[in-house]
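Okay, so here's the structure we're looking at.
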Amino acid sequence: MDYAAGEKVELGDVVTFAGGLEGIIICCFDTKEYFPDFEYESFTDVCKSGVMIRTYGGGLVHYSYPDYDLILLSKADSKS
């Protein structure tokens, strides 16, 4: 999956969406990459593609396709 600007969405990216919510990409269903603490198998029946975002409030949000609303704040490899 890519952001609207064309850059690839990657595990660990920090994003903003839905008018100001922020979170981190914890699973990429298309590539089957996910954080070790994410229960991937629990979601595969309903989430076939896209990404799972863990919001800083703790909730999970699934984006199944690219949306102009999903905006990259920082790439996974740029965090310290």
Residues of the range 27-76 being acidic (D, E) and without any contact (Cβ under 8 Å) to a residue 24 or more places away in the chain, in sequence order, are E33, D37, E39, E41, D45
Filter the range 29-47 for residues that are touching a Phe, Trp or Tyr at 6+ places or on another chain (Cβ under 9 Å), at pLDDT 90 or above and assigned to a loop (DSSP other than H, G, I, E, B) and give the result.
F29, K32, F43, C47
Considering the range 16-27 alone, what residues qualify as being among the hydrophobic types (A, V, I, L, M, F, W, C), at pLDDT 95 or above and closer than 15 Å to D67 by Cβ?
I25
Residue count for the range 36-80, restricted to those that are among the acidic types (D, E) and within 21 Å of L21 (Cβ to Cβ):
3
Output yes when any residue across the range 54-64 is surrounded by fewer than 17 Cβ atoms within 10 Å (Cβ to Cβ), under 11 Å from the mean Cα position of the chain (by Cα), assigned to a loop (DSSP other than H, G, I, E, B) and at pLDDT below 95, and no when none is.
yes
Is at least one residue of the range 4-26 within 12 Å of the chain's Cα centre (by Cα) and of a type in the set (F, W, Y)?
yes
For the subset of the range 1-28 comprising residues that are among the small types (G, A, S) and in a loop (DSSP other than H, G, I, E, B), which member is nearest to K75 (Cα to Cα)?
G12
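The values are calculated or read from the model by the stated rules, or taken from the named source; none is laboratory data. Since this is a predicted model, take the numbers as computed values, not measurements. Neighbour counts run over all protein chains shown; Cβ positions are idealised from the backbone, glycine included.
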